[in-house]
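These notes are about the structure you will find just below.
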Amino acid sequence: MPERTGSPVDGDHVFPVRVYYEDTDAAGIVYHASYLRFAERARTEMVRATGMEQGRVLAETGLAFAVRRMEIDYRAPARLDDLLDVATRLTEIGGASLRVEQTIRRAGTVLVRLFVKLGCIDRAGRAVRLPPAIRAALQHIA
């Protein structure tokens, strides 16, 4: 079982998520937008695993990552109390962007796949190139 902050497994960063009541609809099935929260937590923990805490990066550099584009393929539902794993893989580092693939599984069965493009932005919301130190930290997980 991966630790709470996640752990590397076969080139992916794997983050465990338990489905709580607040994540579900009236039928006890995970509400579609809850998967976005699960994926965001997993991406945050993947970046944290490089030694970068996003709050510290924002405070020190004025830079943050924002979702620019996302494609989601819902294949099967998760339900209340399920234990899920969110596998995150950094697939591309661009000049001012990152591409990430995420797979949400229950006991090895793929439930949801996400393809995410993140942009590096400044405090004004403008795209900026990735600084060399951030690029170097990310290349360790790419």
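Laboratory data are not the source of any read-out in this text; all were calculated from the coordinates shown. All values derive from a computational prediction rather than experimental measurement. Cβ placement follows ideal geometry from the backbone for every residue including glycine, while neighbour counts extend to all protein chains displayed.
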Translational D in µm²/s for region 93-137 (Stokes-Einstein at 10 °C, 1.306 mPa s, Kirkwood Rh from C-alpha pairs): 129 µm²/s
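About the Cα centre, and with charges only on the beta carbon of Lys, Arg (+1) and Asp, Glu (-1), how big is the dipole of region 42-91? Nearest 20 debye, please. Show your work: numbers first, answer last.
Numbers: 8 positive and 8 negative charges, 42 e Å.
For region 42-91, the charge dipole is close to 200 debye.
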Cβ charges +1 (Lys, Arg) and -1 (Asp, Glu), total dipole of the chain, debye: 460 debye
Selection from A87, T103, A64 lying farthest towards where the dipole of region 56-128 points positive, charges on Cβ: A64
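How high is the relative contact order of the chain, given as a whole-number percent (alpha carbon pairs under 8 Å, six or more residues apart)? Spell out each step's value before the answer.
Numbers: 266 pairs, mean separation 35.9, N = 142.
For the chain, the relative contact order is 25 percent.
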In degrees, nearest ten, helix 34-48 long axis to first principal axis of the chain (Cα): 40 degrees
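If you wrap the chain's Cα atoms in a convex hull and average its projection over all directions, what's the area in nm²?
Numbers: hull surface 34.3 nm².
The Cα convex hull of the chain, projected and averaged over all directions, gives 8.6 nm².
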Under 11 Å from the H32 label point (7 Å along Cα→beta-carbon), backbone N, region 57-84: 72-74
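Using R₀ = 25 Å, calculate the FRET efficiency as 1/(1 + (r/R₀)^6) where r is the Cβ-Cβ separation of R126 and A59; round to 0.05. Before the final figure, lay out the partial values.
Working: r = 18 Å, r/R0 = 0.73.
Calculated transfer efficiency: 0.85.
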